[in-house]
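Following: one structure in structure tokens, then a few remarks.
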Amino acid sequence: SAEILVKHFIYMLSNQHSKFLSVAEYADKLHITSKYLSTICRCVTNKTPSQIINEYIIREVKARLTNSNLSIKEISNIVGFANPSHFGVFIKRNTGKTAQELREELIWRDIVNPKAKFHQRILCFFSMSAFIRTELDSVSS
């Protein structure tokens, strides 16, 4: 069904931590067309596949900005941007901040409220666990 395909798409994204693929490449991995992936994503999530991919890229960038000493250029390469200036534009367009401003804000947030980072990780773990359980239940039915 469409919901299962979207769940598989999101599951692939959630396991991707570097070199995110294009919509066409994810569609190919799901053995469907890009157009069909776009249609079912819009129906199930009210978002385009590109919007969903961008959300996962931002999530990964934020994690790397706060949890590593990697340079912004290194993070840019890891998530699949060959050109650091394109990465900068992407980050600014999606967060309203430069990568450096975002790093400083995230680090400051963790200094001011260190429990927030712990709670965020716990929530992420439980939401991912629930997603995987739901996915496995739907596949085994």
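The values are calculated or read from the model by the stated rules, or taken from the named source; none is laboratory data. Note that this is a predicted model, so its numbers are computed, not measured. Virtual Cβ from ideal backbone geometry, glycine too; neighbours counted across all protein chains shown. Surface areas here come from the heavy atoms of the whole protein model, side chains and all, with no ligands, DNA or RNA. Shrake-Rupley method; radii C 1.70, N 1.55, O 1.52, S 1.80 Å.
Farthest toward the positive end of the dipole of the range 1-121, out of Asn77, Leu21, Tyr11, is the Cα of Tyr11, where the dipole comes from beta carbon charges about the Cα centre. Heavy-atom accessible surface of His8, to the nearest 10 Å², is about 60 Å², with a 1.4 Å probe and all protein chains retained. Ranking Tyr36, Tyr56 by solvent-accessible area of protein heavy atoms (1.4 Å probe, all protein chains present), from largest to smallest, gives Tyr36, Tyr56. Taking the centroid of alpha carbons for each part, the range 63-91 and the range 1-49 are 23 Å apart. How large is log10 of I(q)/I(0) for the range 1-115 at q = 0.15, 0.17, 0.24 Å⁻¹ when the intensity is taken from the Debye formula with one equal scatterer per alpha-carbon? With no solvent term, the Cα-only Debye profile gives -0.70, -0.85, -1.26.
Computed 3J(HN,Hα) for the range 43-54, one whole-Hz value per residue from the Karplus formula 6.51 cos²θ - 1.76 cosθ + 1.60 where θ = phi - 60°, is 5, 7, 10, 6, 10, 7, x, 4, 4, 5, 4, 4, glycine and proline marked x.
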